[in-house]
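We did not get these values from a lab; they are worked out from the coordinates using the rules stated. Everything numeric here is computed off the predicted structure, so don't read it as measured data. Note that we place each Cβ from the backbone using ideal geometry, even for glycine, and neighbour counts take in every protein chain shown.
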């Protein structure tokens, strides 16, 4: 099960990155260009929300399938924090990605309550851009390109 979920999580990450970049650029370009909010903008931001939530669920399953809790109890949290790979896998990556998904969720929810196109697009642009920066910062690039 662990290997299957790991493969799904790894490949789904490409889709997440692609759609998050698309949604962010779409919102930024339309905000800067003073364009109108359209149905396709709603669909792009909704699809981003769905894809990132699925990825988060895969990550949570992977976290528990990896049995990090027994590793923490064996080594102790202090030793885990001293090991950069373990610290990244157990603490930094999951926490950062949860924050990124929360920002996408908040941005999506807030944009629906806005009444004007400019405010809708600006809200998506702000929240999705911050989420994209967080995702890019904590992607395990060394794993992706090996």
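Figures for the structure shown
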{"quantity": "Neighbour-count ranking [beta-carbon atoms within 10 angstrom, fewest first] of 88, 73", "calculated": "73, 88"}
{"quantity": "Distance between modelled label sites at residue 22 and residue 60, nm, 7 Å Cα→Cβ extension", "calculated": "2.5 nm"}
{"quantity": "Folded to 0 to 90 degrees: helix 93-113 orientation relative to the chain principal axis, Cα", "calculated": "20 degrees"}
{"quantity": "Extent along principal axes [Cα atoms of region 39-91; Å; largest to smallest]", "calculated": "52, 19, 11"}
{"quantity": "Label zone at residue 75, where the point sits 7 Å out along the Cα-to-Cβ direction: region 1-29 residues whose backbone N lies under 16 Å", "calculated": "none"}
{"quantity": "Top of 121, 25, 56 by mean-square fluctuation, Gaussian network on the chain, Cα under 10 Å", "calculated": "25"}
{"quantity": "The chain, Rg to Rh (Cα coordinates; Rh as Kirkwood inverse mean 1/r)", "calculated": "1.06"}
{"quantity": "Mean Cα-pair separation over length for the chain, i.e. relative contact order, pairs under 8 Å, 6 or more apart, %", "calculated": "34 percent"}
{"quantity": "Simple label model, 7 Å out from Cα along Cβ direction - residue 95 to residue 109, nm", "calculated": "2.2 nm"}
{"quantity": "Per-residue [θ]222 nm for the chain (sum of -39500 (n - 2.57) over DSSP H runs n ≥ 4, rounded to 500)", "calculated": "-27500 deg cm²/dmol"}
{"quantity": "Principal semi-axes in Å for region 1-60 [√(5λ), Cα gyration tensor, largest first]", "calculated": "29, 10, 7"}
